[in-house]
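Beneath this line is the structure, given in structure tokens, with notes to follow.
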Amino acid sequence: MKKIKKSFWVKLIAAPIVMFFFAFAMVPLYNVLCDITGFNGTTGITDGEQQYVVNEQNEIEVSFFSMIMPGLPIEVKPKFDSIKIKPGKFYDATYIAKNNTNKEVVGQAVPSVAPTVAASFFKKLECFCFNRQVFAPGDEIEMSVRFVVEPQIDEKIKDISLSYSFFKIE
Amino acid sequence: MTTDVIAEDHNHHHGPEKGIMRWIKTTNHKDIGTLYLWFAFIMLLVGGAFAMVIRLELLQPGIQLVNPDFFNQMTTMHGLIMVFGAVMPAFVGLANWLIPIMIGAPDMALPRMNNWSFWILPFAGAILLSTFFMEGGAPAFGWTFYAPLSTTFAPDSTDFFIFAIHLLGFSSIMGAINIIATVINMRAPDMKFMDMPLFVWTWFITSFLLIGAMPILAGAVTMMLTDRNFGTAFFDASGGGDPVMFQHIFWFFGHPEVYIMALPAFGIISHILPTFSRKPLFGYSSMVYAVVAIAFLSYIVWAHHMFLTGMPVAGGLYFMYATMLIAVPTGVKVFNWVATMWKGTMTFETPMLWAISFVILFTIGGLTGVMMAMTPLDVQYHDTYFIVAHFHYVLVTGSVWAIMASVYYWLPKWTGNMYNEKLANIHFWLAVVSVNVLFFPMHFLGLAGMPRRIPDYSLQFADFNMISSIGGFAFGLTFILFLYIVIDCIKNNNKATSRVWEGAKGLEWTIASPAPYHSFESPPSKEEIIKESQHFHEK
């Protein structure tokens, strides 16, 4: 039997510990990957400084959806089901939310864009989803999002859907 | 239990302690191996009982026996117990028993830690099973415990499940560290890496998979724990987290885990086929490289479990091709096994029967795996009984088959007695027929669209489900026969020779049967190592 070096034990015990923390490192890695590629429909954010050349030839239909997760007693509907847009131009879309209860409700909207290849070209300048939404009792409010679809988007994509899932915040 | 196995061991200055304390305090690799194997068998019976409840409920359409929530608890616990309680401990038990005597070492490198890693298991198993008696019942979210089912919508007992998984992971990691240290440092001084038998090779590589993958699982359940109790939002979309990320983390553990349960089986089969073909293993070094290749590939294919999560086409294509690549090294192994038997002087003792049927049935499971690796086809097969058929073919007629083969193959070495060959033959034939009656119809059910994890089904699935259930009950009963054969082998006094099998090669066959409590106190000679190695050609 050979004499075992100390460094061997250090490596052997360090390996599982490193892998344990790697599991946690996967969280930011995953988020970075989603931001870069638009996997999972993650949308981008623009500061509005960048100027786009409007592509007048290309017309895309953007459809709006909303989904209420269990436990949130509100109704949310897009004002218009869909609009036709030109890539490079800024547009506003509006959702109407109604709190049917007599209590204040706090929610959080999480956006998602389909198809995923379009997600990284879909940039938001302003969005109600940047903050939590507070719904006063019996209140009906309008929530808006200002967005642009970058002109570099593949011309084969003619339909994009933007969906918001509303979660209850305790 | 097996106290009388080693009662005949008179050869020693300090033999085993008497009574129960022997088993609690033991640091002997053979004792610990025995403990692991009995623990695994008891868990197999528990998990099997859950499977019987599942098959009983599915015997006929409609809800007859249990309510849907309890049915979900059964499928969840069946999976968890079988994976973490039966198959993995059984392989660790075999590693403990066999690796030291295969590499000419007196014991494992870390005997006290070895004791600890075993004795964690009964507590982890008890914690896991105790969730049945808690308010809200046991976890019912499937063995893959996807968030948010396992975080937002799970019963309180889930925290106990998380703790049990932590303990099981701890035990596995310590076992893996022990095996790596043993193989690297305790080998007989004249044994080179490429002289090691394949069971040692496959376990050595499996250990690296374990220390790479089990901590990822520990990380995943820790995130679940903090999500559930401490207000974090790793998997909670409302807090900026992502439930799909849970699946990425889980399967980054989960896919190597699949090979943790398959590689040692490959090693076992590579021992049994040459013995009863009376030929050296065909392509020893290609077998070793194939195992290394499979282990590497297992880390880069995880998302083939997630084709339906809305993955971009490029991702689907990558994971499809990478997954199908695994068929290449696996194919090398299957063809080498067939070539080992080719023109061999074959006899069909019970271990050989299990091994040959392993090659056939595991290949069926592997081929359905290639089918499901195809992204477009998976859309149809996903979460149907087709996947249930696939992973039971690779886990039951793969891993469990190899464990059965190895028990019959090495039982005479462990107990010193031959098992009853006639009964063992009957056991094999009952098992191989019933297991196919049980799992083969599931392919058809899955292709026809029957979803998994559902207690009820439409009428058109009734016939195949009844056939499958009947096969299931028969297969369950064969384990009672198996228990009888093992106990009979321990007691029957039908002495085995030290070589046991005419064509067997390996250092473990050079020591007496039963293996003495302490073996290889002086290492084997170089000539002996070469003569007993799997690549030694006599002519």
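Descriptive notes on the structure:
- Some residue of region A:133-145 being under 14 Å from A:SER165 (Cα atoms) and without any contact (Cβ under 8 Å) to a residue 40 or more places away in the chain: yes
- Among the residues of region B:437-479, just one is small (Gly, Ala, Ser), crowded, with 17+ Cβ neighbours inside 10 Å and in contact with a strand residue (DSSP E or B) (Cβ under 7 Å, 6 or more places away or on another chain), namely B:GLY446.
- Residue ranges of helices (runs of 4 or more DSSP H) in region B:1-96 with at least 2 members closer than 19 Å to B:GLY137 by Cβ and modelled with pLDDT of 95 or more: B:29-57, B:68-80
- Cβ pairs under 7 Å, 6+ apart, first in region B:420-435 and closer than 22 Å to B:ILE467 by Cβ, second part of a helix (DSSP H, G or I) and of a type in the set (Phe, Trp, Tyr): B:HIS427/B:PHE482; B:PHE428/B:TRP354; B:ALA431/B:PHE475; B:SER434/B:PHE475; B:VAL435/B:PHE475
- Residue match in region B:107-126 (condition: surrounded by 24 or more Cβ atoms within 10 Å (Cβ to Cβ), touching a residue at least 60 places away in the same chain (Cβ under 8 Å) and part of a loop (DSSP other than H, G, I, E, B)): yes
- One residue stands out among those in region B:405-459 that are part of a helix (DSSP H, G or I) and among the small types (Gly, Ala, Ser): the one that is nearest to B:HIS518 (Cα to Cα), which is B:SER406.
Here is a yes/no grid of residues against (1) under 19 Å from the mean Cα position of the chain (by Cα); (2) over 20 Å from A:ILE85 (Cα atoms); (3) in the same structural domain as A:VAL117 (by TED's automatic domain parsing); (4) among the aliphatic types (A, V, I, L, M):
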position: A:ARG132; (1), (2), (3), (4): yes, yes, yes, no
position: A:PRO137; (1), (2), (3), (4): no, yes, yes, no
position: A:MET143; (1), (2), (3), (4): yes, no, yes, yes
position: A:ARG146; (1), (2), (3), (4): yes, no, yes, no
position: A:LYS156; (1), (2), (3), (4): no, no, yes, no
position: A:ILE160; (1), (2), (3), (4): yes, no, yes, yes
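- Looking only at region B:172-208, and only at residues there that are more than 15 Å from B:ILE99 (Cα to Cα) and either crowded, with 24+ Cβ neighbours inside 10 Å or charged (D, E, K, R) (or both), the one that is farthest from the other protein chains (Cβ to nearest Cβ): B:ASP190
- Among the residues making up region B:383-397, those that are among the hydrophobic types (A, V, I, L, M, F, W, C) and more than 15 Å from B:PHE464 (Cβ to Cβ) are B:ILE387, B:PHE391, B:VAL394, B:LEU395, B:VAL396.
Yes/no per residue for (1) among the hydroxyl-bearing types (Ser, Thr, Tyr); (2) surrounded by fewer than 18 Cβ atoms within 10 Å (Cβ to Cβ):
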| residue | (1), (2) |
| --- | --- |
| B:LYS18 | no, yes |
| B:TYR36 | yes, no |
| B:ILE42 | no, yes |
| B:PRO68 | no, yes |
| B:MET77 | no, no |
| B:MET82 | no, no |
| B:VAL87 | no, no |
| B:PHE91 | no, no |
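- Some residue of region A:130-148 being closer than 16 Å to A:ASN58 by Cα and either assigned to a strand (DSSP E or B) or within 14 Å of chain B (Cβ to nearest Cβ) (or both): yes
- Condition check for B:PHE536: assigned to a helix (DSSP H, G or I) and touching a residue at least 12 places away in the same chain (Cβ under 8 Å): no
- Among the residues of region B:147-194, the one identified as of a type in the set (D, E, K, R) and outside any loop (DSSP other than H, G, I, E, B) is B:ASP159.
- Residues that are out of contact with any Ser or Thr (no Cβ under 8 Å at 6 or more places or on another chain), more than 7 Å from chain A (Cβ to nearest Cβ), more than 18 Å from B:HIS305 (Cβ to Cβ) and not β-branched (Val, Ile, Thr), drawn from region B:214-240: B:LEU225, B:ASN229, B:PHE230, B:GLY231, B:ALA233, B:GLY240
- Residues (surrounded by 24 or more Cβ atoms within 10 Å (Cβ to Cβ) and either under 29 Å from the mean Cα position of the chain (by Cα) or among the β-branched types (Val, Ile, Thr) (or both)) located in region B:224-248: B:MET224, B:PHE246
The values are calculated or read from the model by the stated rules, or taken from the named source; none is laboratory data. In this text the structure is predicted, and so the values were computed from the model without any measurement. All Cβ positions, glycine included, derive from the backbone under ideal geometry; neighbour counts span all protein chains shown.
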